[in-house]
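Notes follow the structure.
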Amino acid sequence: MNSLIEVKDLYKVYDNGLIQSLNGITLTLKAGKIYALMGASGCGKSTLLNLIGTLDSPTSGEILYDGKYLNEVRSLSTFRRDFIGFVFQFHHLIPVLTLRENVESALLSNRKVSAKERRERAVALLDEMGILHRADSYAAKISGGERQRGAIARALVNNPKVLLADEPTGNIDSKTSKLILKKLRDHVEQTAGTILIATHDNDVADIADVIIKMEDGKIISQEENPRMEKK
Amino acid sequence: MGAIIFRYAFRNVIRTPLRSFFTLFSVALIIMLYTVLTSIGNSFTQQISTVIKQQDIDVVVQAKYASTPVTSIINDTTVDSIIHLDGIHAYDSMLIGRKRLYGKSSVFILGVSNFTVFAQRLGFNIIKGRALHNTALEIVVGNKMAGIYHLNVGDEVELSSGKKYLIVGIYSSWLNFLNSGVICSLKDAQHLMNKPDKTSLLFLTLDDTTRTNEIVQKINKQFPEMRAIESQQLPDYMGPIKNIFYFSKIVSIMTLFIAIAVLLNTFIMAISERTREIGILSAMGWSRFMIVSIFLVEALLLSLGGGIIGYLCSYPVMTVLLSKFANISMYIPEAPSLAIFFNVLEMSLFIGLFSALFPALYGTRINISKAIRHE
């Protein structure tokens, strides 16, 4: 299987070296696989997600996407738009946009997608997530589960090859959680992409192909999920 | 893309309704002030400049140290000496001043040596009654003044104690400021303003206009207490025109700065409050240009909205000024001009772009991961 993301000897320090968040991470994320990133709070999971998603820059080390160094990418915003999808722990929907507009907003900077196609893709995803009836509602007017499903739809609408999710099911009920995880699995299979999920939730870890455990900014183990191997 | 960005910006404006209302209100107030003051300034300078152009005269003489025609005093003996210089074809003189009417506001008095000549030059049109025949104790009044004081042809007005002046006509001039005044003979004006044998301005028509410069120099040399100038240079020498021009410019610049300060404050707050939102948009791949454009559209909605409201509000304000301040009504146009409207649009555009651009550019220079965690 092709490796989509390669992380080589990644370090990240904050406050002039007082806080060492990542301490020499080396990792490969392969196409078609879901990775669960587990570890205690503060072990560096979110930092790793942010660095892979180009939301922050590493202190040292390198990240390659499909064999290309990210520090050689001309426009990181275009790179994020075309290849990366984010799901945050809290939905972070734009409060003044409706659910449909929020999903459309992820496609807004892509001039290749017409307004009609943008709308159709947003509506289709909202339908798949079971929240089409909320398409014209603002985030404040819908439930937490619906908001998180909206946030997943927004992250998936661009068909990103790499989906980075930080505790995507942290604040929602188990039924919605299962729906979201199923959708993530479908996405990986349809796009041959990869998903890296930072989580404490064992249900999430159960659907992952690989479970990566972190401690103090280091990867302490990386194992194939036996349950997924059986399947 | 544009439609969503516009909707996004518009909803952001109404997201904090009270703040947006007060920003809009402040911009509207500032622009209204600008429109009213600029309209008055423009009206005044335009009217004075047009009067001078219409005069059909070659040389104007006024007292050297007078800052305005009202403060200029030329003695009859000096007038007599000047008009007998070689090359002078004809002359007219005028006394300008103010007189308190009924102990209330003061009115503008124009004493003219020859009403017919000045009526032609200044574009007077007798709309009621007859013209002035240089007869003592007769006056014609401007239609604006007649309206304010409820005067009519045949009425008698006591402009000075014990002397009543008969209104023989009501005139209208396209020069707005003249419509708020009284015109009488030079002799009557000298008496009314207690300036016997004096005039304010002397207008000379020459036999040969190629000698204008020579005659100007001759007068300035022979009469050092006088200042003779070629008529087309008159606006440059007139204190009120210069002052109003500078006043107008200072008001414009101050208006611009105050409006920018108001909007700048609003946008620094708005951008600081929406740091996380900026981070989310950046994470979704929005370019810096797209994020900045939202703030620019928001700023333009507020500045153009405020500008247009301010301009429209200046109409009733001018009407109130016209009715309540009779003594300056001569300078107040009935409505702001279309040119000022376009000027307001330009200013609003500049105010909006300038005040949002810098906070937006600064606010989008962020560490995205920190911005997303921002509370």
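Structure notes:
- Crossing angle, helix B:212-222 versus chain B [Cα axis fit, 0-90 degrees, rounded to tens]: 70 degrees
- Using alpha-carbon coordinates, inclination of helix B:338-363 to the longest axis of chain B, degrees: 30 degrees
- Per-residue [θ]222 nm for chain A (sum of -39500 (n - 2.57) over DSSP H runs n ≥ 4, rounded to 500): -10000 deg cm²/dmol
- Longest site-free stretch - chain B; sites: trypsin sites (Lys or Arg not before Pro), DSSP loop, at most 11 other Cβ within 10 Å: B:131-364
- Occluded residues from region A:56-80, i.e. those whose accessible area drops by 50 Å² or more once the chain is not alone (1.4 Å probe): A:Arg80
- Solvent-accessible surface of region B:73-199, averaged per residue with a 1.4 angstrom probe and all protein chains in place: 43 square angstrom.
- Charged side chains reduced to their Cβ positions (Lys and Arg at +1, Asp and Glu at -1) give chain A a dipole of some 720 debye around its Cα centre.
- Within the accessible surface of chain A, defined with a 1.4 Å probe on protein heavy atoms only, the carbon and sulfur portion equals 46 percent.
- The tail of the calculated P(r) for region B:60-104 beyond 17 Å holds 45 percent of all Cα-Cα pairs.
- Legend: distances between Cα atoms for A:Lys183/B:Lys370; B:Lys99/B:Lys195; A:Lys68/A:Lys182; A:Lys30/A:Lys178; pairs beyond 21 Å are A:Lys183/B:Lys370; A:Lys68/A:Lys182; A:Lys30/A:Lys178.
- Taking the alpha carbon gyration tensor of the protein assembly as shown, multiplying each eigenvalue by 5 and rooting it gives semi-axes of 83, 24, 17 Å, largest first.
- Rounded to the nearest 500, the helix-only mean residue ellipticity at 222 nm of chain B stands at -18500 deg cm²/dmol, with each DSSP H run of n ≥ 4 adding -39,500 (n - 2.57).
- If only the Cβ of Lys and Arg carry +1 and only the Cβ of Asp and Glu carry -1, the dipole of the protein assembly as shown around its Cα centre is close to 920 debye.
- The relative contact order of region B:118-193, computed from alpha carbon pairs under 8 Å that lie at least 6 residues apart in sequence, is 41 percent.
- Whole-number percent relative contact order across chain B, with pairs defined as alpha carbons under 8 Å at least 6 apart: 28 percent
- Per-residue 3J(HN,Hα) values for region B:109-119, derived from phi via the Karplus relation 6.51 cos²θ - 1.76 cosθ + 1.60 with θ = phi - 60°, read 10, 10, x, 10, 6, 8, 4, 4, 4, 5, 4 Hz in sequence order (x marks Gly and Pro).
- Angle in degrees between helix B:2-15 and the longest Cα principal axis of chain B, rounded to the nearest 10: 80 degrees
- Chain A: relative contact order in percent, alpha carbon pairs under 8 Å with at least 6 residues between: 29 percent
- Net lengthening on full extension, B:Asp86/B:Arg7 (0.36 nm per residue, minus Cα-Cα): 20.8 nm
- For B:Val107, the residues whose modelled amide H falls within less than 5 Å of its own, excluding neighbours fewer than 5 places apart on the same chain, are B:Lys99, B:Arg100, B:Leu101.
- Pairwise FRET efficiency - A:Arg185 versus B:Met269, Cβ, R0 = 41 Å, nearest 0.05: 0.40
- Area hidden from solvent between A and B (accessible, protein heavy atoms only, 1.4 Å, total, Å²): 2200 Å²
- Carbon + sulfur, % of accessible area of region B:73-199 - ligands and nucleic acids excluded, 1.4 Å: 49 percent
- In region B:265-312, the residues whose accessible area drops by at least 50 square angstrom when the other protein chains are added to the isolated chain are B:Ile280, B:Ala283, B:Met284, B:Gly285, B:Trp286; the probe is 1.4 Å and only protein heavy atoms count.
- Overall Cα dimensions of chain B - principal axes, largest extent first, Å: 89, 48, 30
- Extreme residue, positive dipole direction of the protein assembly as shown, given options A:Ile84, A:Leu4, A:Leu163 (C-beta unit charges): A:Leu163
- For chain A, share of DSSP beta bridges that run antiparallel, in % to the nearest 5: 55 percent
- In a DSSP loop and with at most 15 other Cβ atoms within 10 Å, the chymotrypsin sites (Phe, Trp or Tyr not before Pro) in region B:112-192 are B:Trp174.
- Rounded to 5, the percent of DSSP beta bridges in the protein assembly as shown classed as antiparallel: 65 percent
- Computed from backbone phi with θ = phi - 60° and the Karplus coefficients 6.51, -1.76 and 1.60, the 3J(HN,Hα) list for region B:35-42 is 4, 5, 5, 5, 4, 5, x, 5 Hz; x is used for glycine and proline.
- q = 0.16, 0.19 Å⁻¹, region B:73-199: log10 I(q)/I(0) [Debye, one scatterer per Cα]: -0.75, -1.02
- List of region B:345-375 residues, accessible area with partners at least 40 Å² below that of the chain alone (1.4 Å probe): B:Ile368, B:Ser369, B:Ile372
- Point-charge dipole on Cβ atoms (K/R +1, D/E -1) for chain B, about Cα centre, debye to 20: 1580 debye
The values are calculated or read from the model by the stated rules, or taken from the named source; none is laboratory data. Quantities reported herein were computed from a predicted structural model and do not represent experimental measurements. A quick note on method: Cβ atoms are made from the backbone with ideal geometry, for glycine too, and the neighbour counts reach across all protein chains shown. All accessible areas refer to the heavy atoms of the entire protein, side chains included, with ligands and DNA or RNA removed. Shrake-Rupley method; radii C 1.70, N 1.55, O 1.52, S 1.80 Å.
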